[in-house]
Amino acid sequence: MTIRSGLYIHWPFCRSKCPYCDFFSKVEKNVPQDALVDAYLDDIKYYAELADVKTLGSVFFGGGTPSLLSPYNIGRILEQVAACWQLEKGAEISLEANPNTDRPGLFSDLRKVGINRLSLGIQSLEPEGLKFLGRTHSVDDALKAAEEVLTLFDNTSADVIYARPGQSSAAWQKELGALCSFGFKHLSLYQLTIEEGTPFARKGIKAADDETAAQLYNLSRDILAQHGYLQYEVSNYAKPGYECRHNKLYWQGDDYIGVGNGAHGRLHIGGEIFATTHPRKLEKLSSLERAEELVLMGLRLNQGIDKAHFEECCGQNWDHLMDSKVIARLVQEGLVEDLPHCLRPTSSGLLVLNAVIAELVNNAMIVGDN
């Protein structure tokens, strides 16, 4: 089996709720960290004993705001991981952090307990942008945190949100130039979307229109390429060798274990694939259900869907499952490339990726005879 595996640790607590966020998170004071982490340790052992794959290539602390977890408790989690799993040499151990922290030396302490990849949630380098996004840090906080993180860690990433209302190409170009000047190895540029149920949606706030968003997207890709960042996923760019190994597990269809309230996973158990949710809920997926997920996720990657790996992950034969006529039409329209080893989106296809994926899932997957 060449299926890889990683572990996702979800810490759902935040100091405040951002108005654009639709992820599961909580704003609570006096969180009983030690007791909650005790439960995490038990879950890690539980899933380690269940899983077919016994080696981890990555651990990712997400949230919420996982930098609110004490380094002591992060260390406890990583010790349990090492006791229950075989970690690959050079395993990627990531943590998401906000620029403002009340703990002097936090980033240094995170490094000491085993974090080797730090992702900094900058979100904007404009005061107005931070205010609009409801962020509790300032531009100065972001600059100071970036300097410290880049000094301590070799593998670094930063998140930024664009296509904000009224954002111009000139302003975004200036912001991107400043972002690229830091020297982060990886950048995630997320287009603002207004999700149902968020404060932005309730207030009727609108993101940039499709034409403007497309202009900013193309500008992003061009400027980042000029600075040596290669796009490998619709929203993610990296210097060579610094793609996020953990997130690629999701997009490529590999296994990942989810621990924590709000976490979910995909896990091979006894040769079958299960969806997992908290607390320890398992739902067996059919090969067709998994195949649909792999199409939904795999087209996000510039390299597309590896057909052989697709078959290994879901047990379905690519040529038997997919309608070659539909794919040929998408090729003719310049939206995908159909190569012997993969199906991948073109640059034009990435601009209308949701429509391409919908076409493949709804019209190209032949499910009647499977």
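Quick look at the values:
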item	result
Hits in the range 22-41 (condition: over 18 Å from E79 (Cβ atoms) and either in a loop (DSSP other than H, G, I, E, B) or of a type in the set (V, I, T) (or both))	D22, F23, F24, S25, V27, E28, K29, N30, V31, P32
Matching option when the condition is in a loop (DSSP other than H, G, I, E, B) and polar (S, T, N, Q), among Q167, Q173	Q167
In the range 259-269, the residues that are touching a Leu at 6+ places or on another chain (Cβ under 9 Å) and in contact (Cβ under 8 Å) with a residue 60 or more places away in the chain	V259, G260, N261, G265, L267, I269
One residue from I115, I44 being part of a loop (DSSP other than H, G, I, E, B) and open to solvent by less than 10 Å² (accessible area, probe 1.4 Å)	I115
Helices (runs of 4 or more DSSP H) contained entirely in the range 189-261, each with at least 1 residues that are under 22 Å from the mean Cα position of the chain (by Cα), among the aliphatic types (A, V, I, L, M) and at pLDDT below 95	210-226
Residue that is surrounded by the fewest Cβ atoms within 10 Å (Cβ to Cβ) [pool: residues in the range 131-157 that are touching a strand residue (DSSP E or B) at 6+ places or on another chain (Cβ under 7 Å) and outside any loop (DSSP other than H, G, I, E, B)]	L150
Residue within the range 158-174 that is open to solvent by 30 Å² or more (accessible area, probe 1.4 Å), of a type in the set (S, T, Y), more than 25 Å from G241 (Cα to Cα) and touching a residue at least 24 places away in the same chain (Cβ under 8 Å) present	yes
Test for L87: is it part of a strand (DSSP E or B), touching a Leu at 6+ places or on another chain (Cβ under 6 Å) and either charged (D, E, K, R) or open to solvent by less than 30 Å² (accessible area, probe 1.4 Å) (or both)	no
Condition check for E96: part of a strand (DSSP E or B) and either of a type in the set (D, E) or surrounded by fewer than 21 Cβ atoms within 10 Å (Cβ to Cβ) (or both)	yes
Candidate set: the range 189-215, residues that are open to solvent by 40 Å² or more (accessible area, probe 1.4 Å) and among the β-branched types (V, I, T); chosen: the one farthest from R245 (Cα to Cα)	I205
Residue list for the range 176-188, filter: assigned to a helix (DSSP H, G or I) and surrounded by fewer than 20 Cβ atoms within 10 Å (Cβ to Cβ)	G177, A178, C180, S181, F182
Residue in the range 1-21 that is within 18 Å of E272 (Cα to Cα), open to solvent by 70 Å² or more (accessible area, probe 1.4 Å), part of a loop (DSSP other than H, G, I, E, B) and not charged (D, E, K, R) present	yes
Test: D52 is open to solvent by 20 Å² or more (accessible area, probe 1.4 Å), touching a residue at least 12 places away in the same chain (Cβ under 8 Å), in a loop (DSSP other than H, G, I, E, B) and not aromatic (F, W, Y)	yes
Neighbours by Cβ (under 6 Å, 6+ apart or cross-chain): first from the range 118-145, among the acidic types (D, E); second surrounded by fewer than 23 Cβ atoms within 10 Å (Cβ to Cβ) and not in a helix (DSSP H, G or I)	D141/N100
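The values are calculated or read from the model by the stated rules, or taken from the named source; none is laboratory data. Since the structure is predicted, the reported quantities are computational estimates derived from the model, not experimental observations. Heads up, the Cβs are rebuilt from the backbone with ideal geometry, glycines too, and the neighbour counts pull from every protein chain shown. Just so you know, the surface numbers come from the protein's heavy atoms only, side chains and all, with ligands and any DNA or RNA stripped out. Shrake-Rupley method; radii C 1.70, N 1.55, O 1.52, S 1.80 Å.
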